[in-house]
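Input: a single structure, listed below in C-alpha coordinates.
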Amino acid sequence: MLRLFNRNSLAARLLIASLCILPILLVIIALALDKAFRSSLVNAEQEALQAHFYSLLGAAEPDNKGLQLPEVLDQPKFNLHESGLYAWVIDEQEHLVWQSESARLTLALKPESFAHPLAQGESQFIQTELSGSQYFVYNYRIVWEFEDGDHAFDFYLAHTASAMEKELKHYRRTLWIWLTLLTFITLFSQWLIVRWGLRPLAGLARELSDFQEGKAAKITGQYPKEIAPVINSLNLVLDSEKAQRTKYKNTLGDLAHSLKTPLAIVRSILESQSALGESQSKQTIDEQVNRMSEIIGHQLRRATNVSTNVNQRLTNLHSISARLGGALEKVYRDKNITFTNSVSEDDCSLIEEQDAMELIGNILENAFKYGHQQVMISSEKDGNNITLYISDDGPGVSADKRSAILTRGARADTATAGQGIGLAISIDILSSYGGSLEIDDSTLGGARFEISLPSH
(Lines give C-alpha, C1' and ligand atoms only; values in the text may rest on other atoms or scores of the structure.)
Protein backbone atom coordinates (compact mmCIF):
# COMPACT_ATOMS: atom_id res chain seq x y z
CA MET A 1 0.00 0.00 0.00
CA LEU A 2 2.90 2.37 0.61
CA ARG A 3 3.71 2.28 -3.08
CA LEU A 4 0.32 3.82 -3.73
CA PHE A 5 1.46 7.04 -2.05
CA ASN A 6 4.83 7.17 -3.80
CA ARG A 7 4.25 9.92 -6.33
CA ASN A 8 7.18 8.74 -8.42
CA SER A 9 5.57 5.36 -9.10
CA LEU A 10 3.58 4.76 -12.27
CA ALA A 11 0.60 3.48 -10.29
CA ALA A 12 0.50 6.67 -8.21
CA ARG A 13 0.65 8.83 -11.32
CA LEU A 14 -2.26 6.97 -12.88
CA LEU A 15 -4.29 7.32 -9.69
CA ILE A 16 -3.45 11.04 -9.42
CA ALA A 17 -4.58 11.50 -13.01
CA SER A 18 -7.83 9.72 -12.12
CA LEU A 19 -8.29 11.98 -9.08
CA CYS A 20 -7.99 14.99 -11.37
CA ILE A 21 -10.47 13.65 -13.92
CA LEU A 22 -13.03 11.95 -11.66
CA PRO A 23 -14.28 15.13 -9.89
CA ILE A 24 -14.99 16.76 -13.24
CA LEU A 25 -16.83 13.69 -14.46
CA LEU A 26 -18.75 13.46 -11.18
CA VAL A 27 -19.85 17.09 -11.39
CA ILE A 28 -21.00 16.63 -14.99
CA ILE A 29 -22.89 13.44 -14.13
CA ALA A 30 -24.42 14.99 -11.00
CA LEU A 31 -25.57 18.10 -12.88
CA ALA A 32 -27.08 16.01 -15.67
CA LEU A 33 -28.91 13.71 -13.25
CA ASP A 34 -30.05 16.64 -11.11
CA LYS A 35 -31.42 18.46 -14.14
CA ALA A 36 -33.23 15.35 -15.36
CA PHE A 37 -34.71 14.60 -11.93
CA ARG A 38 -35.82 18.19 -11.35
CA SER A 39 -37.39 18.29 -14.81
CA SER A 40 -39.35 15.13 -14.03
CA LEU A 41 -40.55 16.63 -10.71
CA VAL A 42 -41.69 19.85 -12.42
CA ASN A 43 -43.53 17.85 -15.09
CA ALA A 44 -45.19 15.85 -12.35
CA GLU A 45 -46.30 19.08 -10.64
CA GLN A 46 -47.78 20.38 -13.89
CA GLU A 47 -49.64 17.13 -14.55
CA ALA A 48 -50.97 17.06 -10.99
CA LEU A 49 -52.28 20.66 -11.21
CA GLN A 50 -53.84 19.91 -14.60
CA ALA A 51 -55.64 16.92 -13.06
CA HIS A 52 -56.91 19.12 -10.20
CA PHE A 53 -58.10 21.68 -12.74
CA TYR A 54 -60.17 19.10 -14.61
CA SER A 55 -61.63 17.99 -11.28
CA LEU A 56 -62.67 21.59 -10.47
CA LEU A 57 -64.00 22.08 -13.99
CA GLY A 58 -66.17 18.99 -13.58
CA ALA A 59 -67.56 20.31 -10.30
CA ALA A 60 -68.32 23.84 -11.64
CA GLU A 61 -71.96 24.67 -12.48
CA PRO A 62 -73.12 27.86 -14.23
CA ASP A 63 -76.36 29.62 -13.05
CA ASN A 64 -77.96 33.03 -13.27
CA LYS A 65 -75.61 34.30 -10.59
CA GLY A 66 -72.52 33.15 -12.41
CA LEU A 67 -70.28 30.15 -11.92
CA GLN A 68 -70.84 28.07 -8.80
CA LEU A 69 -68.44 25.53 -7.21
CA PRO A 70 -69.08 23.44 -4.09
CA GLU A 71 -67.55 24.59 -0.82
CA VAL A 72 -66.24 21.09 -0.07
CA LEU A 73 -64.27 19.38 -2.81
CA ASP A 74 -63.29 15.77 -3.30
CA GLN A 75 -59.60 16.64 -2.97
CA PRO A 76 -59.08 17.00 0.83
CA LYS A 77 -56.18 19.45 0.49
CA PHE A 78 -58.52 22.05 -1.01
CA ASN A 79 -60.53 21.94 2.22
CA LEU A 80 -57.65 22.29 4.72
CA HIS A 81 -55.97 25.53 5.76
CA GLU A 82 -52.25 25.78 4.93
CA SER A 83 -52.39 22.47 3.04
CA GLY A 84 -50.15 23.82 0.28
CA LEU A 85 -52.76 23.28 -2.47
CA TYR A 86 -54.99 26.25 -3.37
CA ALA A 87 -57.49 27.22 -6.08
CA TRP A 88 -59.25 30.39 -7.30
CA VAL A 89 -61.69 31.34 -10.03
CA ILE A 90 -61.47 34.91 -11.40
CA ASP A 91 -63.89 36.48 -13.89
CA GLU A 92 -62.93 38.62 -16.85
CA GLN A 93 -63.16 41.80 -14.70
CA GLU A 94 -60.58 40.19 -12.37
CA HIS A 95 -63.13 39.81 -9.58
CA LEU A 96 -62.79 36.79 -7.32
CA VAL A 97 -65.65 34.40 -8.14
CA TRP A 98 -64.57 31.47 -5.95
CA GLN A 99 -61.65 30.25 -3.86
CA SER A 100 -60.92 26.99 -2.11
CA GLU A 101 -61.32 26.70 1.63
CA SER A 102 -57.55 26.19 1.95
CA ALA A 103 -56.89 29.65 0.49
CA ARG A 104 -59.36 31.73 2.53
CA LEU A 105 -57.08 32.58 5.44
CA THR A 106 -53.74 31.51 4.01
CA LEU A 107 -52.91 32.82 0.57
CA ALA A 108 -54.09 35.83 -1.39
CA LEU A 109 -53.95 35.75 -5.19
CA LYS A 110 -52.97 38.81 -7.20
CA PRO A 111 -54.18 38.16 -10.77
CA GLU A 112 -52.44 41.27 -12.08
CA SER A 113 -49.09 39.54 -11.49
CA PHE A 114 -49.88 36.98 -14.23
CA ALA A 115 -49.96 37.38 -17.99
CA HIS A 116 -53.34 38.56 -19.29
CA PRO A 117 -55.45 38.09 -21.15
CA LEU A 118 -55.19 34.42 -22.09
CA ALA A 119 -57.06 33.22 -25.14
CA GLN A 120 -59.89 30.76 -24.80
CA GLY A 121 -58.53 27.28 -24.01
CA GLU A 122 -55.00 28.70 -23.37
CA SER A 123 -53.07 27.74 -20.26
CA GLN A 124 -49.81 28.61 -18.56
CA PHE A 125 -47.68 26.89 -15.95
CA ILE A 126 -45.07 28.88 -14.00
CA GLN A 127 -43.11 28.88 -10.77
CA THR A 128 -43.51 32.16 -8.95
CA GLU A 129 -43.45 33.76 -5.51
CA LEU A 130 -46.66 34.18 -3.57
CA SER A 131 -46.63 35.73 -0.08
CA GLY A 132 -42.88 35.23 0.19
CA SER A 133 -42.84 31.54 -0.78
CA GLN A 134 -42.30 29.66 -4.02
CA TYR A 135 -45.31 28.07 -5.72
CA PHE A 136 -46.17 26.28 -8.93
CA VAL A 137 -49.17 27.97 -10.51
CA TYR A 138 -51.39 26.58 -13.26
CA ASN A 139 -53.72 29.02 -15.02
CA TYR A 140 -56.41 28.07 -17.55
CA ARG A 141 -59.00 30.36 -19.27
CA ILE A 142 -62.39 28.97 -20.21
CA VAL A 143 -65.42 30.72 -21.75
CA TRP A 144 -68.93 29.83 -20.60
CA GLU A 145 -72.09 30.61 -22.45
CA PHE A 146 -74.81 32.37 -20.41
CA GLU A 147 -78.17 33.84 -21.29
CA ASP A 148 -76.73 37.32 -21.43
CA GLY A 149 -73.72 36.21 -23.49
CA ASP A 150 -70.34 34.57 -23.14
CA HIS A 151 -68.24 35.12 -20.05
CA ALA A 152 -64.59 34.19 -19.52
CA PHE A 153 -63.26 32.71 -16.30
CA ASP A 154 -59.65 32.10 -15.22
CA PHE A 155 -58.93 29.08 -13.07
CA TYR A 156 -55.82 29.39 -10.89
CA LEU A 157 -54.35 26.45 -9.02
CA ALA A 158 -51.24 26.77 -6.86
CA HIS A 159 -49.16 24.16 -5.10
CA THR A 160 -46.25 24.90 -2.81
CA ALA A 161 -42.77 24.15 -4.21
CA SER A 162 -41.42 23.29 -0.76
CA ALA A 163 -42.42 19.64 -1.09
CA MET A 164 -40.60 19.33 -4.41
CA GLU A 165 -37.55 21.17 -3.07
CA LYS A 166 -37.46 18.86 -0.06
CA GLU A 167 -37.65 15.81 -2.29
CA LEU A 168 -35.00 17.29 -4.60
CA LYS A 169 -32.72 18.01 -1.64
CA HIS A 170 -33.08 14.43 -0.41
CA TYR A 171 -32.34 13.15 -3.91
CA ARG A 172 -29.22 15.31 -4.22
CA ARG A 173 -27.91 14.15 -0.86
CA THR A 174 -28.48 10.51 -1.81
CA LEU A 175 -26.93 11.09 -5.25
CA TRP A 176 -23.72 12.58 -3.85
CA ILE A 177 -23.42 9.84 -1.26
CA TRP A 178 -23.62 7.18 -3.95
CA LEU A 179 -21.34 9.07 -6.34
CA THR A 180 -18.75 9.51 -3.59
CA LEU A 181 -18.98 5.83 -2.72
CA LEU A 182 -18.69 4.99 -6.42
CA THR A 183 -15.59 7.19 -6.64
CA PHE A 184 -13.83 5.31 -3.86
CA ILE A 185 -14.86 1.96 -5.34
CA THR A 186 -13.63 3.07 -8.77
CA LEU A 187 -10.30 4.32 -7.41
CA PHE A 188 -9.76 1.16 -5.40
CA SER A 189 -10.68 -1.00 -8.40
CA GLN A 190 -8.37 1.02 -10.61
CA TRP A 191 -5.58 0.66 -8.08
CA LEU A 192 -6.05 -3.11 -8.10
CA ILE A 193 -6.12 -3.14 -11.91
CA VAL A 194 -3.00 -0.99 -12.12
CA ARG A 195 -1.18 -3.20 -9.63
CA TRP A 196 -2.23 -6.27 -11.60
CA GLY A 197 -1.32 -4.64 -14.93
CA LEU A 198 2.11 -3.52 -13.68
CA ARG A 199 2.94 -6.85 -12.06
CA PRO A 200 4.88 -8.02 -15.17
CA LEU A 201 7.14 -4.95 -14.82
CA ALA A 202 7.86 -5.89 -11.21
CA GLY A 203 8.76 -9.39 -12.41
CA LEU A 204 11.01 -7.86 -15.06
CA ALA A 205 12.76 -5.80 -12.40
CA ARG A 206 13.38 -8.95 -10.34
CA GLU A 207 14.79 -10.79 -13.36
CA LEU A 208 17.10 -7.88 -14.15
CA SER A 209 18.28 -7.93 -10.53
CA ASP A 210 18.96 -11.66 -10.83
CA PHE A 211 20.92 -11.02 -14.02
CA GLN A 212 23.04 -8.37 -12.32
CA GLU A 213 23.76 -10.78 -9.45
CA GLY A 214 24.72 -13.52 -11.90
CA LYS A 215 21.74 -15.74 -11.03
CA ALA A 216 20.32 -15.69 -14.57
CA ALA A 217 21.78 -15.44 -18.07
CA LYS A 218 18.78 -13.75 -19.69
CA ILE A 219 15.14 -12.78 -19.16
CA THR A 220 13.00 -15.90 -19.50
CA GLY A 221 9.68 -15.01 -17.85
CA GLN A 222 6.30 -14.92 -19.61
CA TYR A 223 5.21 -11.34 -20.34
CA PRO A 224 2.25 -9.71 -22.12
CA LYS A 225 2.58 -9.35 -25.86
CA GLU A 226 2.63 -5.54 -25.55
CA ILE A 227 6.04 -5.60 -23.82
CA ALA A 228 7.36 -8.77 -25.47
CA PRO A 229 9.28 -6.73 -28.13
CA VAL A 230 10.96 -4.78 -25.31
CA ILE A 231 11.94 -8.05 -23.60
CA ASN A 232 13.35 -9.43 -26.85
CA SER A 233 15.41 -6.29 -27.48
CA LEU A 234 16.58 -6.32 -23.87
CA ASN A 235 17.68 -9.93 -24.21
CA LEU A 236 19.64 -8.98 -27.33
CA VAL A 237 21.39 -6.23 -25.38
CA LEU A 238 22.12 -8.61 -22.50
CA ASP A 239 23.46 -11.27 -24.89
CA SER A 240 25.62 -8.67 -26.59
CA GLU A 241 26.95 -7.43 -23.25
CA LYS A 242 27.70 -11.00 -22.19
CA ALA A 243 29.41 -11.72 -25.51
CA GLN A 244 31.45 -8.54 -25.13
CA ARG A 245 32.67 -9.54 -21.68
CA THR A 246 33.52 -13.03 -22.91
CA LYS A 247 35.36 -11.57 -25.86
CA TYR A 248 37.38 -9.21 -23.67
CA LYS A 249 38.32 -12.12 -21.42
CA ASN A 250 39.32 -14.36 -24.33
CA THR A 251 41.21 -11.57 -26.03
CA LEU A 252 43.24 -10.82 -22.94
CA GLY A 253 44.09 -14.52 -22.64
CA ASP A 254 45.02 -14.69 -26.33
CA LEU A 255 47.12 -11.54 -26.04
CA ALA A 256 49.01 -12.85 -23.03
CA HIS A 257 49.62 -16.19 -24.75
CA SER A 258 50.62 -14.58 -28.05
CA LEU A 259 53.21 -12.33 -26.41
CA LYS A 260 54.94 -15.17 -24.57
CA THR A 261 56.96 -16.36 -27.57
CA PRO A 262 58.19 -12.92 -28.81
CA LEU A 263 59.11 -11.89 -25.27
CA ALA A 264 60.98 -15.14 -24.73
CA ILE A 265 62.92 -14.57 -27.96
CA VAL A 266 63.78 -10.98 -26.98
CA ARG A 267 64.90 -12.13 -23.50
CA SER A 268 67.03 -14.85 -25.07
CA ILE A 269 68.63 -12.38 -27.50
CA LEU A 270 69.40 -9.95 -24.70
CA GLU A 271 70.92 -12.69 -22.59
CA SER A 272 73.12 -13.96 -25.46
CA GLN A 273 73.80 -10.60 -27.10
CA SER A 274 77.57 -11.05 -26.63
CA ALA A 275 77.53 -14.27 -28.66
CA LEU A 276 75.60 -12.67 -31.55
CA GLY A 277 76.59 -9.74 -33.65
CA GLU A 278 75.16 -6.36 -32.75
CA SER A 279 73.47 -5.88 -36.12
CA GLN A 280 71.96 -9.35 -36.07
CA SER A 281 70.67 -8.85 -32.50
CA LYS A 282 69.14 -5.51 -33.42
CA GLN A 283 67.47 -6.95 -36.52
CA THR A 284 66.05 -9.91 -34.57
CA ILE A 285 64.77 -7.66 -31.77
CA ASP A 286 63.18 -5.29 -34.32
CA GLU A 287 61.42 -8.20 -35.97
CA GLN A 288 60.01 -9.43 -32.65
CA VAL A 289 58.96 -5.95 -31.57
CA ASN A 290 57.14 -5.44 -34.87
CA ARG A 291 55.54 -8.83 -34.43
CA MET A 292 54.37 -7.95 -30.90
CA SER A 293 53.00 -4.63 -32.16
CA GLU A 294 51.11 -6.48 -34.88
CA ILE A 295 49.73 -9.01 -32.38
CA ILE A 296 48.61 -6.26 -29.95
CA GLY A 297 46.90 -4.34 -32.76
CA HIS A 298 45.15 -7.47 -33.94
CA GLN A 299 43.93 -8.39 -30.44
CA LEU A 300 42.70 -4.85 -29.81
CA ARG A 301 40.73 -4.95 -33.04
CA ARG A 302 39.25 -8.27 -32.02
CA ALA A 303 38.30 -6.92 -28.59
CA THR A 304 36.55 -3.84 -29.98
CA ASN A 305 34.95 -5.56 -32.94
CA VAL A 306 31.52 -6.28 -31.46
CA SER A 307 28.42 -5.93 -33.59
CA THR A 308 24.96 -6.41 -32.19
CA ASN A 309 21.51 -6.78 -33.61
CA VAL A 310 20.35 -3.59 -31.91
CA ASN A 311 21.83 -0.77 -34.02
CA GLN A 312 22.59 -2.43 -37.37
CA ARG A 313 22.13 -0.52 -40.60
CA LEU A 314 22.16 -1.51 -44.27
CA THR A 315 25.45 -1.07 -46.14
CA ASN A 316 25.72 -1.09 -49.92
CA LEU A 317 28.19 -3.82 -50.84
CA HIS A 318 28.74 -2.66 -54.41
CA SER A 319 30.08 0.74 -53.37
CA ILE A 320 32.30 -0.81 -50.68
CA SER A 321 33.77 -3.26 -53.19
CA ALA A 322 34.36 -0.51 -55.76
CA ARG A 323 36.18 1.74 -53.26
CA LEU A 324 38.38 -1.08 -51.96
CA GLY A 325 39.13 -2.44 -55.42
CA GLY A 326 40.14 1.00 -56.70
CA ALA A 327 42.45 1.59 -53.74
CA LEU A 328 44.11 -1.84 -54.03
CA GLU A 329 44.67 -1.37 -57.78
CA LYS A 330 46.81 1.65 -56.92
CA VAL A 331 48.70 -0.20 -54.17
CA TYR A 332 49.46 -3.13 -56.48
CA ARG A 333 49.85 -1.13 -59.69
CA ASP A 334 53.17 -2.89 -60.41
CA LYS A 335 51.35 -6.21 -60.81
CA ASN A 336 48.88 -4.77 -63.39
CA ILE A 337 46.01 -6.76 -61.90
CA THR A 338 42.63 -6.45 -63.58
CA PHE A 339 39.88 -5.96 -61.01
CA THR A 340 36.26 -6.82 -61.90
CA ASN A 341 33.39 -5.68 -59.65
CA SER A 342 30.26 -7.71 -60.48
CA VAL A 343 28.41 -7.02 -57.21
CA SER A 344 24.85 -5.83 -57.91
CA GLU A 345 24.33 -2.13 -57.20
CA ASP A 346 21.21 -3.01 -55.16
CA ASP A 347 22.86 -5.57 -52.90
CA CYS A 348 22.92 -4.38 -49.29
CA SER A 349 23.78 -6.17 -46.07
CA LEU A 350 22.82 -5.60 -42.44
CA ILE A 351 26.38 -4.77 -41.36
CA GLU A 352 28.17 -1.66 -40.16
CA GLU A 353 30.10 0.08 -42.94
CA GLN A 354 33.43 -0.01 -41.07
CA ASP A 355 33.04 -3.75 -40.43
CA ALA A 356 32.23 -4.33 -44.10
CA MET A 357 35.31 -2.32 -45.13
CA GLU A 358 37.63 -4.39 -42.92
CA LEU A 359 35.99 -7.72 -43.75
CA ILE A 360 36.00 -7.32 -47.55
CA GLY A 361 39.26 -5.36 -47.52
CA ASN A 362 41.21 -8.11 -45.73
CA ILE A 363 40.14 -10.80 -48.19
CA LEU A 364 40.49 -8.56 -51.25
CA GLU A 365 43.99 -7.63 -50.16
CA ASN A 366 44.93 -11.31 -49.97
CA ALA A 367 43.51 -11.79 -53.47
CA PHE A 368 45.59 -8.88 -54.83
CA LYS A 369 48.66 -10.07 -52.93
CA TYR A 370 48.55 -13.65 -54.21
CA GLY A 371 46.77 -13.12 -57.52
CA HIS A 372 48.77 -12.89 -60.74
CA GLN A 373 46.65 -10.91 -63.19
CA GLN A 374 42.96 -11.09 -62.25
CA VAL A 375 40.81 -10.44 -59.18
CA MET A 376 37.03 -10.60 -59.37
CA ILE A 377 34.23 -10.00 -56.83
CA SER A 378 30.63 -10.97 -57.50
CA SER A 379 27.45 -11.50 -55.48
CA GLU A 380 24.47 -13.80 -55.25
CA LYS A 381 21.31 -13.21 -53.20
CA ASP A 382 19.45 -16.15 -51.68
CA GLY A 383 16.52 -15.38 -49.39
CA ASN A 384 17.76 -13.47 -46.35
CA ASN A 385 21.45 -13.90 -47.22
CA ILE A 386 23.90 -12.39 -49.67
CA THR A 387 27.01 -14.30 -50.70
CA LEU A 388 30.08 -12.46 -51.97
CA TYR A 389 32.57 -14.39 -54.12
CA ILE A 390 36.15 -13.06 -54.18
CA SER A 391 38.28 -14.94 -56.73
CA ASP A 392 41.87 -14.65 -57.94
CA ASP A 393 44.19 -16.46 -60.32
CA GLY A 394 46.91 -17.07 -57.72
CA PRO A 395 48.25 -20.33 -56.34
CA GLY A 396 45.06 -20.97 -54.32
CA VAL A 397 44.71 -22.67 -50.93
CA SER A 398 45.18 -26.41 -50.65
CA ALA A 399 42.27 -28.40 -49.22
CA ASP A 400 44.20 -29.56 -46.19
CA LYS A 401 44.91 -25.97 -45.09
CA ARG A 402 41.45 -24.51 -45.62
CA SER A 403 39.92 -25.69 -42.36
CA ALA A 404 43.01 -24.64 -40.40
CA ILE A 405 43.11 -21.03 -41.58
CA LEU A 406 39.33 -20.69 -41.11
CA THR A 407 39.45 -21.79 -37.47
CA ARG A 408 37.76 -18.99 -35.54
CA GLY A 409 40.02 -17.28 -33.03
CA ALA A 410 43.26 -18.53 -34.54
CA ARG A 411 46.10 -16.84 -32.67
CA ALA A 412 48.39 -14.51 -34.53
CA ASP A 413 51.51 -16.49 -33.61
CA THR A 414 50.09 -19.64 -35.18
CA ALA A 415 48.46 -18.05 -38.22
CA THR A 416 49.71 -18.77 -41.69
CA ALA A 417 52.09 -16.05 -42.87
CA GLY A 418 50.44 -13.40 -44.96
CA GLN A 419 46.84 -14.26 -44.32
CA GLY A 420 46.45 -15.41 -40.73
CA ILE A 421 45.79 -12.08 -39.00
CA GLY A 422 43.50 -10.67 -41.71
CA LEU A 423 41.47 -13.84 -41.87
CA ALA A 424 41.22 -14.03 -38.07
CA ILE A 425 39.77 -10.51 -37.96
CA SER A 426 37.41 -11.30 -40.85
CA ILE A 427 36.18 -14.47 -39.17
CA ASP A 428 35.57 -12.55 -35.92
CA ILE A 429 33.55 -9.93 -37.80
CA LEU A 430 31.49 -12.56 -39.60
CA SER A 431 30.80 -14.49 -36.39
CA SER A 432 29.43 -11.37 -34.72
CA TYR A 433 26.91 -10.95 -37.57
CA GLY A 434 26.02 -14.62 -37.86
CA GLY A 435 27.82 -14.91 -41.23
CA SER A 436 30.21 -17.52 -42.55
CA LEU A 437 33.35 -17.86 -44.68
CA GLU A 438 34.30 -20.74 -46.92
CA ILE A 439 37.15 -21.37 -49.36
CA ASP A 440 36.84 -23.13 -52.72
CA ASP A 441 38.65 -23.34 -56.04
CA SER A 442 38.21 -20.40 -58.37
CA THR A 443 37.38 -20.64 -62.06
CA LEU A 444 40.26 -18.18 -62.55
CA GLY A 445 42.65 -20.86 -61.29
CA GLY A 446 43.30 -19.63 -57.75
CA ALA A 447 41.22 -19.45 -54.56
CA ARG A 448 37.61 -18.33 -54.18
CA PHE A 449 36.50 -16.94 -50.79
CA GLU A 450 32.73 -17.18 -50.22
CA ILE A 451 31.44 -14.60 -47.70
CA SER A 452 27.84 -15.11 -46.51
CA LEU A 453 26.14 -12.07 -44.91
CA PRO A 454 22.57 -11.29 -43.78
CA SER A 455 20.73 -9.07 -46.24
CA HIS A 456 18.10 -7.92 -43.66
1/(1 + (r/R0)^6) with r = Cβ-Cβ of LEU201 and VAL331, R0 = 51 Å, i.e. FRET efficiency to nearest 0.05, evaluates to 0.35
Beyond a 32 Å Cα-Cα separation, which of these cross-linked pairs lie in this structure: LYS247/LYS401; LYS330/LYS381; LYS242/LYS282?
LYS242/LYS282
What nm value, rounded to one decimal, do you get for the distance between ALA217 and ASP382 when each label is placed 7 Å out toward the C-beta?
3.0
Using 1/(1 + (r/R0)^6) with R0 = 22 angstrom and r between the beta carbons of TRP176 and ASN43, what's the FRET efficiency to the nearest 0.05?
0.40
Computed over segment 313-405, protein heavy atoms only, probe 1.4 angstrom, the accessible area per residue in square angstrom equals 51
By a straight-distance test (C-alpha under 18 Å), which lysines pair with LYS335 as possible cross-link partners, with residues fewer than eight away in the same chain excluded?
LYS369
Å² of accessible area per residue within segment 64-158, as computed with a 1.4 Å probe and no ligands counted:
55
Between LEU236 and LYS401, what FRET efficiency follows from the Cβ-Cβ distance if R0 is 35 Å, with the result rounded to 0.05?
0.45
Candidates per GluC sites (Glu not before Pro) in segment 109-207, loop by DSSP, up to 13 other Cβ within 10 Å:
GLU122, GLU147
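The values are calculated or read from the model by the stated rules, or taken from the named source; none is laboratory data. The model shown is predicted, which means the values in this text are computed figures rather than measured ones. Virtual Cβ from ideal backbone geometry, glycine too; neighbours counted across all protein chains shown. Just so you know, the surface numbers come from the protein's heavy atoms only, side chains and all, with ligands and any DNA or RNA stripped out. Shrake-Rupley method; radii C 1.70, N 1.55, O 1.52, S 1.80 Å.
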